[in-house]
Amino acid sequence: MQHDRFLFAGGILQFGILVASALVPRVLDWRNSLRKLDPLLRDLIWVHGAFIVLVIIAFGSLSVGFAGELTNGSRLARAVCAMIAIFWGCRLVVQFTVFDARPYLRTLFLKLGYRGLTLVFSYLVVVYAWVALSP
């Protein structure tokens, strides 16, 4: 079975996560909610969000552009895949233990999208961990 196809798909899915993430500020009404915060805290949230976007762009780009190299079994390739699996695994844990999105899932579109993201996060954890642990 060709692992690189699964990583390539994982890269595409990560770009899809970015598309979904672009909706977050509007759905959660960040402009009004963050306006109440001290300017430093408000800026910190925006900057942290931007850095997370950059990390996801990097993970997606590596997966799409270097899927073959990431599946070659080298220690570096396995370490990169392990890091991506850990990143998305932590995100999945946060999804279930920290975030309570229920008040914001007011439409069928948002409910399906949220569940879809959970499936994507799970796919990313399984695939990248599988490649990282494969001989």
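Structure notes:
- Backbone N within segment 25-43 under 12 Å of label point (7 Å from Ala50 Cα along the Cβ vector): 43
- Taking every alpha-carbon pair under 8 Å whose residues sit at least 6 apart, the chain reaches a relative contact order of 37 percent.
- Residues in segment 17-86 average 65 Å² of solvent-accessible surface per residue, probe 1.4 Å, ligands and nucleic acids excluded.
- Placing +1 on each Lys and Arg Cβ and -1 on each Asp and Glu Cβ, with no other charges, gives the chain a dipole about its Cα centre of roughly 400 debye.
- Loop-located trypsin sites (Lys or Arg not before Pro) in segment 1-84 (DSSP state other than H, G, I, E, B) with a sparse environment of at most 10 neighbouring Cβ atoms within 10 Å: Lys36.
- Leu117 exposes around 40 Å² of accessible area when a 1.4 Å probe is run over every protein chain in place.
- Axis of helix 3-21 versus longest Cα principal axis of the chain: the two differ by about 10°, to the nearest ten degrees.
- Segment 62-98 and segment 100-127: distance between their alpha carbon centers, rounded to Å: 20
- Note on His48: accessible area approximately 100 square angstrom, rounded to 10, probe 1.4 Å, nucleic acids and ligands left out.
- Accessible-area rank, largest first, for Tyr104, Tyr128: Tyr104, Tyr128, with all protein chains present and a 1.4 angstrom probe.
The values are calculated or read from the model by the stated rules, or taken from the named source; none is laboratory data. As the structure is a prediction and not an experimental result, all values here were calculated from the model. Cβ atoms come from the backbone with ideal geometry, glycine included; neighbour counts cover every protein chain shown. Each accessible area value is taken on the protein alone, full model and side chains, heavy atoms only, with ligands, DNA and RNA left out. Shrake-Rupley method; radii C 1.70, N 1.55, O 1.52, S 1.80 Å.
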